[in-house]
Amino acid sequence: EDQVTQSPEALRLQEGESSSLNCSYTVSGLRGLFWYRQDPGKGPEFLFTLYSAGEEKEKERLKATLTKKESFLHITAPKPEDSATYLCAVHSTQGGSEKLVFGKGTKLTVNP
Amino acid sequence: GAVVSQHPSRVICKSGTSVKIECRSLDFQATTMFWYRQFPKQSLMLMATSNEGSKATYEQGVEKDKFLINHASLTLSTLTVTSAHPEDSSFYICSASIRNTQYFGPGTRLTVL
């Protein structure tokens, strides 16, 4: 069964304190690993897609990396506006239909 | 690019009534749209996959007669919650797929009294 596990569930950082979020996955044939940001009461906002081990993508203070078993979302010198829930998902064809399987997310709080 | 809208953003209705939620891809055409449900402090649960011009595919445990999905054009999918009850109160989010990536709408908060 395709699965995604994110850790930690919640993370509190001070402004400027860099850290990483983890996403472990098991999927039969990776066709894409996705990172989204979700603010309270809003839909997820697309951040990155990674397709193969060793791939990296960056956007402002965020960098996503991928290995054969997990992905990391590195946050460098975070600011309070980076506070959100970060969701990881893998593209799955389980059950004969194509869909995203989501992790439960990591709630990030950045204090000023 | 890749903007998805939903309407309404909030709806409050009485038990037993039906509610329709619209999902539109504003700047691209989407042959496939998805409907999710999200409970407080939980992740997204896929309800159904909507394909333009054909019947939707529902996930196990989702009642297709209760959650009616219509995908009549390449830019519009609708979800109708029929005979809504308080347990249907939730945050409903749609997404539209382009180039293997799903882009999400802002969500609709449904409250059934």
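The values are calculated or read from the model by the stated rules, or taken from the named source; none is laboratory data. These numbers come from a predicted model, not from an experiment. Neighbour counts are summed over all protein chains in view; Cβ atoms, including those assigned to glycine, are modelled from backbone coordinates with ideal geometry.
Laid out as a table, the results:
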{"item": "Qualifying residue in the range A:14-26 (condition: assigned to a loop (DSSP other than H, G, I, E, B), more than 10 Å from the chain's Cα centre (by Cα) and either within 11 Å of chain B (Cβ to nearest Cβ) or within 25 Å of B:Gly107 (Cβ to Cβ) (or both))", "result": "no"}
{"item": "Residue that is touching an Asp or Glu at 6+ places or on another chain (Cβ under 8 Å), surrounded by 18 or more Cβ atoms within 10 Å (Cβ to Cβ) and within 26 Å of B:Met33 (Cα to Cα), where the choices are A:Val110, A:Val90", "result": "A:Val90"}
{"item": "Test: residue in the range B:71-92 that is surrounded by fewer than 20 Cβ atoms within 10 Å (Cβ to Cβ), part of a loop (DSSP other than H, G, I, E, B) and in contact with a His (Cβ under 8 Å, 6 or more places away or on another chain)", "result": "no"}
{"item": "Filtered residue count, the range A:78-109, keeping only those that are part of a loop (DSSP other than H, G, I, E, B), farther than 18 Å from A:Gly43 by Cα and at pLDDT 95 or above", "result": "2"}
{"item": "Answer residue from the range A:43-58, given it is farther than 22 Å from A:Ser28 by Cβ and of a type in the set (Asp, Glu) and is nearest to the other protein chains (Cβ to nearest Cβ) among those", "result": "A:Glu45"}
{"item": "Test: residue in the range A:8-17 that is surrounded by 14 or more Cβ atoms within 10 Å (Cβ to Cβ) and either within 19 Å of B:Gln102 (Cα to Cα) or small (Gly, Ala, Ser) (or both)", "result": "no"}
{"item": "Top-ranked residue in the range A:74-112 [being of a type in the set (D, E, K, R) and in contact with a Ser or Thr (Cβ under 7 Å, 6 or more places away or on another chain); ranked as farthest from A:Arg61 (Cα to Cα)]", "result": "A:Lys99"}
{"item": "Flag if A:Gly96 is of a type outside the set (A, V, I, L, M) and exposed (fewer than 13 other Cβ atoms within 10 Å of the Cβ)", "result": "yes"}
{"item": "Extreme residue, surrounded by the fewest Cβ atoms within 10 Å (Cβ to Cβ), among residues of the range A:29-39 that are more than 8 Å from chain B (Cβ to nearest Cβ) and touching a strand residue (DSSP E or B) at 6+ places or on another chain (Cβ under 8 Å)", "result": "A:Asp39"}
{"item": "The listed residue being under 24 Å from B:Ile93 (Cβ atoms), away from chain B (no Cβ under 12 Å) and under 11 Å from the mean Cα position of the chain (by Cα), out of A:Leu66, A:Leu73", "result": "A:Leu73"}
{"item": "Positions within the range B:57-70 being assigned to a loop (DSSP other than H, G, I, E, B), of a type outside the set (D, E, K, R) and within 11 Å of chain A (Cβ to nearest Cβ), in sequence order", "result": "B:Gln60"}
{"item": "Scope the range B:94-107; condition in contact with a strand residue (DSSP E or B) (Cβ under 6 Å, 6 or more places away or on another chain), surrounded by fewer than 24 Cβ atoms within 10 Å (Cβ to Cβ) and more than 7 Å from chain A (Cβ to nearest Cβ); matching residues", "result": "B:Ser97"}
{"item": "Which numbered condition A:Ala84 misses (of (1) closer than 25 Å to B:Thr57 by Cβ; (2) within 14 Å of the chain's Cα centre (by Cα); (3) in contact (Cβ under 8 Å) with a residue 40 or more places away in the chain)", "result": "(1)"}
{"item": "Selection within the range B:1-50 - at positive phi and away from every other protein chain (no Cβ under 14 Å)", "result": "B:Gly16"}
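Results for (1) touching a residue at least 60 places away in the same chain (Cβ under 8 Å); (2) under 15 Å from B:Ser95 (Cβ atoms), shown as yes or no for each residue.
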{"site": "B:Ser15", "(1), (2)": "yes, no"}
{"site": "B:Cys23", "(1), (2)": "yes, yes"}
{"site": "B:Pro40", "(1), (2)": "no, no"}
{"site": "B:Phe67", "(1), (2)": "no, no"}
